[in-house]
Structure formats: structure tokens, C-alpha cells
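**Student:** Sending over a structure as C-alpha cells; questions will come in a sec.
Coordinate-derived values only; no laboratory data. Source: prediction; values computed, not measured. So basically every Cβ, Gly included, is an ideal-geometry build from the backbone, and we count neighbours across all protein chains shown.
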Amino acid sequence: MAANGARNQIGYALQLGTVRFLGTFLSDPTDAPAVVVDYVAEQLGLDPADLKGYGEKEARWDHQKLIRQAHGYTSFEFEQWFGLARWVYRRVWSGSERPIVLFDLVTHRLVEAKILLPGVTTLERMIAGLRERAALRQYRLLAAAPSPGQRRALEELVVVEEGRRVSKLDRLRRSPTDVSGGGVAKAVDRHLDLRALGATTWDLSAIPPGRIAALTRFADAARAQAVDALAGDRKLATLVAFAQVMEPTSADEAIEVFDLIPGTPKDWYYILEGLLEQETSLKPTEIASDTSGASEIAFGIFRLLGWQFSPRLADVGSATLFRADPAAHYGRLESLIRSRVNLGLIRDN
């Protein structure tokens, strides 16, 4: 024992137990719970009352120094602060832990490394500052992704246009519910509006997906006025995250609407799904399929999305084809188009 006398022996042992359990020394070692003092004294075969006055003696500081040297404990200086800050920042940037969780992780890491814990407010300020720094970095990177024209289009999402009751953001985040031909058209229009924002042209690979998803959840739940009131880069960053996540999501939801329509041929929209979700540098212009992949809806959808749909129709000779414009020429199909669309009937209904 590196202490002489009963008081010093109990005090030394009590401080050693304290730093092992709490990760720091108490400013007054005699503030330890009585049950702890009794247990330590019993282990040493001493009277707990012998500890009286230890907190007023200079020996307690000497004992702390001896414990640090003998057991490898380090004070929380700048070197330790900097190493811990780098670890916390990487975790904050790539994860989504709440501040209280980060605080527990930080204290556990310091205790395991035998680094004496600083004050609670020191760690709280570090965590809060690093979280703010990571958020500002995220906002800056997201806000820099769109072009000037795309920025204007994104900022207009939160504006309530004249003659409307809600903003475009409110309309775009509303999932389709109408399972009908009209519902299909609305779902496709929604996807085209989201796609026109330009999300497919942005490189957001430097930003963890979890951070983008968190911003999207806010944009999806908050009122448009609340999004519009966000300061600095945060407003544009929130809208960029929303467009990035919702563009592919709207495609999936449109395909789900197609799937729910009774009697709709299914093969062609698996082709469409593959095209919408492909992440290569290829930019197809003409899409082919066999007869089972063709339908009237498919021709319209692919045309709206900017692709030419060219199925190989095995039964085209027996099909009844209609022309809308009597003066139009349809090339090789000219001899097969014998009927005319009743445009008047369509207008009346």
C-alpha cells in the first residue's frame, strides 16, 4: 500500500475504487456513499471512522498522482480532447445517435482508455458543437448540388401558387391513392414533376444516406411554411434531400398503382422499373419487348418518360388499330390502321 496510517490507507483505496468505477476522482473523497466506505474499510480490516478528515489533507492529491502513475491513468488534456473529437465527429457524420447516446459512448470510451473524465459540461459542449458542425457541412454539400435553375425550381416548391390552396411540396409528397386509369396518370405526372427537379444529375455520394433520409423525413412531415422558414443552406438542403429520395420512391409508387389495376399486363412495367432504377451511365432511347410486354398504357407511359417503346407484336396482323389524325402516315403500319378514333366521343366524356 502506497500510504501510511489507517486514514491514508482507506482514502487511497477509496480513490482507486472511485476512479476505476466512475472514471474520475471525487473532489472530496469522503463524499463517497457510506456503504462504499464501509466495504473498503472491511476489505482492509480497518474502521470506517478512520477516514474522517481525509478530504481536508493534502495527501489526497499525492494519492491521485500515485494512482495515475501506478495504474496508467491520463488527464483529459488537448491531445486527448482532439483524439476524442475526431472519433465523435466521424460517428456523428455517419450515424444518427441521439446526444444522450453519444454522451454514454464517449464516457465509456474514456473509461476504457483510462482517461480521467472531464466535467459533464465539457463533454456536452463538445458533442453539441460537433453535431452542429456536421449538420452545417451536410447543408453546404446538399445546397451545392443543384444548378441555379434547379435551385429556383426547388425553392418554388414551398410557394403556394395563385389559385391554389397548398404548395407544390404538399402535392408531391402525397402518395397516390386513386387506383384507376386516372390514378395512373396522376402517379406518373407526380414522378415526372419530381424527376424534373434534377435529382438524377446530383452526386450526393459524399453524404451518408441516413443523414439524407433524416432531412427527407422532416420535409415530408413539416408544413411547407416551416421548410420555407429554415435559415441559411438548411432550406435548400432539405428540399434537395426530399427530391433525391422521393424521385425513385415516386416511381415505385406509380408502379404499385399499375400493379393494382385489374387486368393490366404485367411484363412491361417490370421493364419500366428496371429502367427507372438502373444506376449505370447508359441512356437508352428505344425499349423493346416481346408481345406479352406490350399494352396501350405502356406506349403512353414510355412516351411520357421520353422513351420509344418498340415491342415485337406477334399478333399485330389480327389487331384492330385506330388512327386519330386521318392525314397522318404510319409507315409500315399504314395498311393495318383501318379504323378512326371517335374524338367527339372522347371530348363529350
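**Student:** Can you tell me the 0 to 90 degree angle between the C-alpha axis of helix 59-71 and the longest principal axis of the chain, rounded to 10?
**Tutor:** Long axis of 59-71 versus the principal axis of the chain: about 50 degrees.
**Student:** Let me know the charge dipole size of the stretch 75-230 about its Cα centre in debye, to the nearest 20, where only the beta-carbon of Lys, Arg (+1) and Asp, Glu (-1) is charged. Show your work: numbers first, answer last.
**Tutor:** Values: 25 positive and 18 negative charges, 23 e Å.
Dipole magnitude for the stretch 75-230 comes out near 100 debye.
**Student:** Could you give the length gained by full extension between Asp31 and Asp203, i.e. 0.36 nm per residue of separation minus their alpha carbon distance, to one decimal place? It would help to have the intermediate numbers written out before the result.
**Tutor:** Details: separation 172, 0.36 × 172 = 61.92 nm, distance 5.69 nm.
Additional length available on full extension: 56.2 nm.
**Student:** Now a separate question. Determine the relative contact order of the chain: mean sequence separation of Cα pairs under 8 Å and six or more apart, normalised by residue count, in whole percent. Intermediate results must be reported in sequence, preceding the final value.
**Tutor:** Numbers: 356 pairs, mean separation 41.6, N = 349.
It rounds to 12 percent for the chain.
**Student:** Another one. For the Cα atoms of the chain, what angle does the longest principal axis make with the long axis of helix 120-143, in degrees from 0 to 90, nearest 10?
**Tutor:** 20 degrees
**Student:** Over the stretch 14-60, what per residue volume does the convex hull of the Cα atoms give, in whole Å³?
**Tutor:** Numbers: hull volume 3.5 nm³, N = 47.
Cα convex hull per residue, to the nearest whole number: 75 Å³.
**Student:** Roughly what would the spin-label model give for Asp104 and Leu66, points 7 Å off Cα along C-beta, in nm?
**Tutor:** The modelled label-to-label distance comes out at 3.7 nm.
**Student:** Okay, next question. What relative contact order, as a whole-number percentage, does the stretch 34-128 give when Cα pairs under 8 Å and 6 or more residues apart are counted? Let's see the in-between values first.
**Tutor:** Values: 39 pairs, mean separation 25.3, N = 95.
Relative contact order, the stretch 34-128: 27 percent.
**Student:** Further question: What residues qualify as long-range amide H neighbours of Val160, i.e. H under 5 Å apart, gap of 5 or more or another chain, H built at 1.01 Å from N?
**Tutor:** Close amide H contacts, sequence-distant or interchain: none at all.
**Student:** Something else about it: With r defined as the distance between the Cβ atoms of Ala222 and Leu275 and R0 fixed at 30 Å, what FRET efficiency is calculated, to the nearest 0.05?
**Tutor:** Values: r = 32 Å, r/R0 = 1.08.
FRET efficiency, Ala222 to Leu275: 0.40.
**Student:** Which residues make up the longest stretch of the chain clear of GluC sites (Glu not before Pro) that lie in a DSSP loop with no more than 13 other Cβ atoms within 10 Å, not counting the sites?
**Tutor:** Working: sites that count: Glu58, Glu77, Glu161, Glu162, Glu279.
By the stated rule (loop sites, at most 13 other Cβ atoms within 10 Å), 163-278.
**Student:** Hey, another quick one. For the stretch 1-113, I need the span (max minus min coordinate) of the C-alpha atoms along each principal axis, in Å, sorted largest to smallest.
**Tutor:** 53, 26, 21
**Student:** Could you list which residues have their amide H under 5 Å from that of Arg323, counting only those 5 or more apart in sequence or on another chain, with H placed in the peptide plane?
**Tutor:** Sorted by chain and number, the residues that satisfy this are Ser339, Arg340, Val341.
**Student:** Another question, then. Given the options Phe78, Leu110, Trp93, identify the residue whose Cα lies farthest towards the positive end of the charge dipole of the stretch 10-110 (+1 on Cβ of Lys, Arg; -1 on Cβ of Asp, Glu).
**Tutor:** Trp93
**Student:** Here's something else I'd like to know. FRET efficiency for Arg171 and Trp307, Cβ-Cβ distance as r, R0 = 30 Å, nearest 0.05?
**Tutor:** Values: r = 25 Å, r/R0 = 0.84.
According to the calculation, E is roughly 0.75.
**Student:** Compute the length gained on full extension between Lys52 and Ser147: take 0.36 nm times their separation in residues and subtract their Cα-Cα distance, giving the result in nm to one decimal.
**Tutor:** Working it through step by step, the gained length comes to 27.0 nm.
**Student:** Starting from 0.36 nm per residue, how many nanometres of slack lie between Thr74 and Arg332 once their C-alpha separation is accounted for?
**Tutor:** Details: separation 258, 0.36 × 258 = 92.88 nm, distance 8.56 nm.
Difference between extended and current length: 84.3 nm.
**Student:** Hey, another quick one. What ratio of Cα Rg to 2.2 N^0.38 Å holds for the stretch 66-199? Display every interim value, and only then the final one.
**Tutor:** Values: Rg = 24.4 Å, N = 134, 2.2 N^0.38 = 14.1 Å.
In units of the globular-protein estimate, the stretch 66-199 measures up at 1.73.
**Student:** At a Förster distance of 30 Å, what's the computed FRET efficiency of Ala196 paired with Ser94, Cβ-Cβ distance as r, to 0.05? Show your work: numbers first, answer last.
**Tutor:** Details: r = 31 Å, r/R0 = 1.05.
In this case the efficiency is close to 0.45.
**Student:** What 222 nm value per residue comes from the helices of the chain, counting each DSSP H run with n ≥ 4 as -39,500 (n - 2.57) and dividing by all residues, nearest 500 deg cm²/dmol? Don't skip to the end; give the middle numbers.
**Tutor:** Working: 15 runs with 195 residues, N = 349.
Calculated at 222 nm, the ellipticity per residue is -17500 deg cm²/dmol.
**Student:** Separate question: Check Thr74: other-chain or 5+ apart residues with amide H under 5 Å from its amide H, H built from backbone geometry?
**Tutor:** Ile115, Leu116
**Student:** Report relative contact order for the stretch 142-254 in percent, whole number only (criteria: Cα-Cα under 8 Å, sequence separation at least 6). Walk me through the numbers on the way to the answer.
**Tutor:** On the way: 107 pairs, mean separation 46.4, N = 113.
Relative contact order for the stretch 142-254 comes out at 41 percent.
**Student:** In debye, nearest 20, what is the charge dipole magnitude of the chain about its Cα centre with +1 on Lys and Arg Cβ and -1 on Asp and Glu Cβ, if you could check?
**Tutor:** Using Cβ point charges on Lys, Arg, Asp and Glu, the chain gives about 740 debye.
**Student:** Using alpha carbons only, how many degrees (0 to 90, rounded to 10) separate the axis of helix 6-22 from the longest principal axis of the chain?
**Tutor:** 0 degrees
**Student:** May I pose another question? In a Gaussian network model over the chain where Cα atoms closer than 10 Å are linked, find which of Ala143, Ala222, Ala185 has the largest mean-square fluctuation.
**Tutor:** Ala222
**Student:** Report the Stokes-Einstein translational diffusion coefficient (µm² s⁻¹, integer) for the chain, Rh taken as the Kirkwood radius over Cα pairs, at 20 °C with viscosity 1.002 mPa s. Walk me through the intermediate numbers first.
**Tutor:** Details: Rh = 26.7 Å.
Roughly 80 µm²/s, to the nearest whole number.
**Student:** Right, next: Which ³J(HN,Hα) values, rounded to whole Hz and listed in residue order, are derived for the stretch 48-58 from phi using the Karplus coefficients 6.51, -1.76 and 1.60 in 6.51 cos²θ - 1.76 cosθ + 1.60 with θ = phi - 60°, glycine and proline given as x?
**Tutor:** Each residue of the stretch 48-58 in turn: x, 5, 5, 6, 3, x, 4, x, 9, 9, 5 Hz.
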